[in-house]
1. Hey, can you list the DSSP H helices of the chain whose Cα span along the axis is 15 Å or longer and whose average Kyte-Doolittle score is at least 0.0?
2. If you take the C-alpha gyration tensor of the chain, multiply each eigenvalue by 5 and take the square root, what semi-axes do you get, largest first, in whole Å?
3. How would you rank 13, 120, going from fewest to most other Cβ atoms within 10 Å of each one's own Cβ?
4. Charges only on Cβ, +1 for Lys and Arg, -1 for Asp and Glu: so what's the dipole of the chain about the Cα centre, in debye to the nearest 20?
5. Residue 12 to residue 94: FRET efficiency via 1/(1 + (r/R0)^6), r the Cβ-Cβ distance, R0 22 Å, to the nearest 0.05?
6. With a sphere of radius 14 Å drawn around the Cβ of residue 8, what net charge do the other residues whose Cβ falls strictly inside it have (Lys, Arg +1; Asp, Glu -1)?
7. Given R₀ = 45 Å, FRET efficiency for residue 58-residue 170 by Cβ-Cβ distance, to 0.05?
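Every read-out reported here was derived from the displayed coordinates using simple, explicitly stated rules and does not represent laboratory data. Remember, predicted model here, so these are calculated numbers, not experimental data. Cβ placement follows ideal geometry from the backbone for every residue including glycine, while neighbour counts extend to all protein chains displayed.
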Amino acid sequence: MELVDALDASFAHAGTVVAGVRPEQLAASTPCSEWDVRALLAHMIGVVDNIGRGVRGDELLADPNATVLGDDPGAQFQSVAATTIAAWRGAAPDAEVNIGAGPMPAMVGASINLLDTTAHAWDLARATGQPEDVPAEVTTAAMGAAEMVVSPEIREFAGIKPAVPVGADASPTEQFVAFLGRRP
């Protein structure tokens, strides 16, 4: 699966999870100990919006985590995901983008977008009691992106916990989230 197609599929999956969040769940805790559901939604929407801005060459948000949730976070996520995927589809594969961490190859930026969206869709699903399995083709692509991007230095810089061991029978989703330090 091509990277941008995998990202599009990740956005579709995440959009379903975001749309499944009920208002009474906004204060629930998440696997991201620093965020409740409301803060995780703001992060997801803000990061996807900010990455799209960076790909288009627009001004970046001062703090993507400060994104204000609208009345319909599902529609809000779908809207920013649609504009961001359009930006990725219009970007040259050898382009350089700044998605908030300085200039980088577009492939690296898209990989970061994929692994962040996929991981946080899982976090949100777990926090809100929704099905946690991510489509296999998305997880395979996200794992490839994670293995490329998540070095020991990036783990430290981004606060990504060490990988958690899982059994040989772990699903692709479980392997992916365990690589990112989450307990499946």
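1. 3-19, 37-56, 73-90, 106-128, 136-149
2. 22, 21, 15
3. Working: 13 20, 120 24.
Ordered by Cβ neighbours within 10 Å, fewest first: 13, 120.
4. 220 debye
5. 0.25
6. Details: positive: 89; negative: 2, 5, 137.
Summing Lys/Arg as +1 and Asp/Glu as -1 gives -2.
7. Numbers: r = 40 Å, r/R0 = 0.88.
Once rounded, the FRET efficiency stands at 0.70.
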